[in-house]
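Worksheet for the structure shown next.
The values are calculated or read from the model by the stated rules, or taken from the named source; none is laboratory data. Since this is a predicted model, take the numbers as computed values, not measurements. Here the Cβ is made from the backbone with ideal geometry for all residues, glycine too, and neighbour counts use every protein chain on show.
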Amino acid sequence: MLTVKNLFCERDERILFNNLEFELKTGEVLQIEGQNGSGKTTLLRILAGLLEAYEGDICWKNKPLSEARDAYYQAMLYVGHLAGVKSALTPEENLEWMMQLAPHLNKLSIFEALKKVGLYGFEDVPCHSLSAGQQRRVGLARLYLSTAPLWVLDEPFTALDKKGVAEKEALIAHHVQSGGAVILTTHHELNIPQINIRHLNLDSLK
Amino acid sequence: MNFFFAAIKRDLRLSFRHRNDIVNPLAFFLMVAVMFPLGVSPEPKFLAEVAPGVIWVAALLASLLSVDGIFRSDFEDGSLEQMLLSPRPLILLVLAKVFSHWLVSGFCLALMSPLLALMLFLPSEGVTSLMISLLLGTPTLSLIGAIGAGLTVGLRKGGVLISLLILPLYIPLLIFGAATVQAAAMGMPTAGYFAILGAILVVSIMLTPFAIVAALKISIRG
């Protein structure tokens, strides 16, 4: 699916990674590791097409990202540190907008998705009165809605409780087994025994 | 098209939940009309003469006050990233955002302007022209302002920079806008002025969305 060759990125005169290469195939999970400030988020933003300050090639289905941008955006789901949840809107309104913005979020109805993330009954409460974990769940409801094959997730488990983490792990396993692929950063030890997780340590590249 | 209306609906909903953002520019607008006669001279004849310019300057600054916020909150909570990643046309989204900004700023300012005209003794012949000139001019203020907002959204303190970037581009509008009202107040024909304001608006609608999209991409993608 995604091929990365010779990736080089420098920020504030510090080389974050040099000669980074990997290939992500369907059915794979790539966990990016590294200490704080090692460039995990930067790498994910580059892979999501949100940052263009890099050198090297990123190819989506053998086409350079710059040419395949439209196809890529229809096939990729990015959930960043900031989940794009508006605190003044209710979870229902937030999801409604997310689905407008990204047509590939069409697997379930809004209410089914809210039920899945455990926010059933909270659909009319403005997000600023929800807890941090619940707000995170609103952003992660995208995962239940998405039909995109590639997921790029930046610290998806922050602020989630144990049950929430286990549910997301099961969801990732299901997604990968049904032909998807996931790239994620997390400091949490992934507990998905049924699939093979590849690791990429950014510290070892320096 | 559905997407366009959904975007407008979302932004209006957000505006109405942050009522401060709507009331602030309007209060500023009104405040100028209240303070100006106190500071300069309450003489009706003098006020009638300067009213067109004062009202237009106040509208322009009030619009500038709110334009910084068009993309700010979406940038801060990550919504803007998701917008750039959307397969939907960004130009449509940007137009929707600017339009909803105008509805809660410029449009309300234009609706309020007769009150200011009354307070500043603007001759009654000029009031309709004042409203129409503001209705034609303020959308351009929002469109041009959005370019500056897009360029400075990634900066922590973009407030001053945005004024420096945009104010020079507001000047032609101020000149023609105030001149329209002045001409109308003196009973002279205004069709030519309206035509110019309309032309500026049409050109802005055609060209600025591209600039706004480019500005946002520069700000986010680096």
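Is it the case that the stretch B:119-140 has a residue that's in a loop (DSSP other than H, G, I, E, B), within 14 Å of another protein chain (Cβ to nearest Cβ) and not charged (D, E, K, R)? No - not one qualifying residue is present in the stretch B:119-140. One residue stands out among those in the stretch B:149-167 that are small (G, A, S) and in a loop (DSSP other than H, G, I, E, B): the one that is surrounded by the fewest Cβ atoms within 10 Å (Cβ to Cβ), which is B:G154.
Yes/no per residue for (1) touching a strand residue (DSSP E or B) at 6+ places or on another chain (Cβ under 9 Å); (2) polar (S, T, N, Q); (3) away from chain A (no Cβ under 14 Å):
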site: B:N24; (1), (2), (3): no, yes, yes
site: B:V50; (1), (2), (3): no, no, yes
site: B:A59; (1), (2), (3): no, no, yes
site: B:A62; (1), (2), (3): no, no, yes
site: B:S66; (1), (2), (3): no, yes, yes
site: B:G69; (1), (2), (3): no, no, no
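The set of residues in the stretch A:76-115 being hydrophobic (A, V, I, L, M, F, W, C), crowded, with 18+ Cβ neighbours inside 10 Å and either at the interface with another protein chain (Cβ under 9 Å from one of its Cβ atoms) or within 30 Å of A:G37 (Cα to Cα) (or both) consists of A:M76, A:L77, A:V79, A:A83, A:V85, A:L89, A:W97, A:M98, A:L101, A:A102. Taken as a whole, the condition of being buried (at least 19 other Cβ atoms within 10 Å of the Cβ), within 14 Å of another protein chain (Cβ to nearest Cβ), of a type in the set (G, A, S) and within 25 Å of B:L165 (Cα to Cα) applies to B:A96.
Scanning the stretch A:32-75 for residues that are of a type in the set (K, R), more than 12 Å from chain B (Cβ to nearest Cβ) and within 25 Å of A:D203 (Cβ to Cβ) gives a single hit, A:K40. The set of residues from the stretch B:24-82 being among the aromatic types (F, W, Y), within 16 Å of B:L122 (Cα to Cα) and surrounded by fewer than 22 Cβ atoms within 10 Å (Cβ to Cβ) comprises B:F36, B:F46.
Of all the listed residues (B:A51, B:A27), the sole one being farther than 25 Å from A:S87 by Cα, among the aliphatic types (A, V, I, L, M) and in contact with a Gly (Cβ under 9 Å, 6 or more places away or on another chain) is B:A51. Within the stretch A:123-160, being over 28 Å from A:L50 (Cα atoms) and crowded, with 19+ Cβ neighbours inside 10 Å holds for one residue alone: A:L130.
Scanning the stretch A:189-201 for any residue that is of a type in the set (A, V, I, L, M), free of Cβ contacts under 8 Å to residues at least 60 places away in the same chain and surrounded by fewer than 19 Cβ atoms within 10 Å (Cβ to Cβ) turns up nothing.
When we screen A:E55, A:E67 for residues that are in contact (Cβ under 8 Å) with a residue 24 or more places away in the chain, over 25 Å from A:L143 (Cα atoms), surrounded by fewer than 14 Cβ atoms within 10 Å (Cβ to Cβ) and of a type in the set (D, E), the only hit is A:E55. Do the conditions hold for B:T140, that is, is it crowded, with 18+ Cβ neighbours inside 10 Å and either in contact with a Cys (Cβ under 8 Å, 6 or more places away or on another chain) or modelled with pLDDT of 90 or more (or both)? The answer is yes for B:T140.
Farther than 19 Å from A:T41 by Cα, more than 13 Å from chain B (Cβ to nearest Cβ), more than 13 Å from the chain's Cα centre (by Cα) and in a loop (DSSP other than H, G, I, E, B) - does that describe any residue in the stretch A:133-143? No, the stretch A:133-143 contains no residue that is farther than 19 Å from A:T41 by Cα, more than 13 Å from chain B (Cβ to nearest Cβ), more than 13 Å from the chain's Cα centre (by Cα) and in a loop (DSSP other than H, G, I, E, B).
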